[in-house]
1. What order do you get for Tyr31, Tyr123 when you list them from fewest to most C-beta neighbours inside 10 Å?
2. Whose amide H sits under 5 Å from the amide H of Thr49, counting only residues 5 or more places off or on another chain, with H placed in the peptide plane?
3. Taking the number of other C-beta atoms within 10 Å as the exposure measure, put Glu55, Glu38, Glu161, Glu141 in order starting with the fewest.
4. If you rank Arg92, Arg83 by fewest surrounding Cβ atoms within 10 Å, what's the result?
5. If you place +1 on the Cβ of every Lys and Arg and -1 on the Cβ of every Asp and Glu, how big does the dipole about the Cα centre of region 72-149 come out, in debye to the nearest 20?
6. May I ask you to give the average projected area over all directions of the convex hull of the Cα atoms of region 63-152, in nm² rounded to one decimal?
7. Please give the charge dipole size of region 42-174, origin at the Cα centre, charges +1 on K and R Cβ atoms and -1 on D and E Cβ atoms. Round to the nearest 20 debye.
8. With N denoting the number of residues in region 102-146, provide Rg(C-alpha) divided by 2.2 N^0.38 Å, to two decimal places.
Amino acid sequence: MPIRISTRWACAAVPLLAIAFAFTATAAADYYAVGPPEAGWKPDNSNHTYCFGQEYTGNNMKDAAHATMAGLQNQTTMTKEFRNCDSGIDARFALANLPGSVIGQYTCPDRSGSYCLHAVLEYDSAAIVGYNKWLNVTCHEIGHSVGLFHGTSDCMTSGTETSYGNHHQTHINNDRF
Ligand SMILES: [Zn+2]
């Protein structure tokens, strides 16, 4: 089956240790919270606060973010809390023009050891078409924000999945401390 580049992931070395979400690149093993370019860092607490940047106003992007955070809360022992952006937020959603075929990107500008204090999840809205694709990409970037690695066959490697597999749920529940 041909690989449709635009719907696959990739991690590229991007300034600020970003994980660029674009095309191909699937790792054989699955690690947790080892940081970019393949994984995110651990969340610094169990209540994942999130907010939308000023430009994050589209219905699909907002609805997908809320649905994915609810999914994280339902599928794991983490909770979610939506609030206004401030310096203490765990995951800030923003839009960006990302390079090439990159459609989503996780960065952690504020880290303490293997814990991310404040992650930024950026999305290239011109390249993400339809609610289901927003769900897929949002699931992927939030996954990084709670430490997930590319590898397990769920939204962290698939271009269509919109949830976390059992293996990744176990990592989040047992290994984030
Ligand atoms: Zn990724």
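1. Tyr31, Tyr123
2. Placed amide hydrogens put Glu81, Asp90, Ala91 under 5 Å from Thr49.
3. Glu55, Glu161, Glu38, Glu141
4. Working: Arg92 20, Arg83 10.
In order of increasing Cβ crowding within 10 Å: Arg83, Arg92.
5. 120
6. 6.5
7. With Lys and Arg at +1 and Asp and Glu at -1, about 100 debye.
8. So region 102-146 has a normalised radius of gyration of 1.24.
Bear in mind that the values in this text are calculations on the coordinates, not laboratory data. What you see is a predicted model; the values in this text were computed from it and never measured. Note that we place each Cβ from the backbone using ideal geometry, even for glycine, and neighbour counts take in every protein chain shown.
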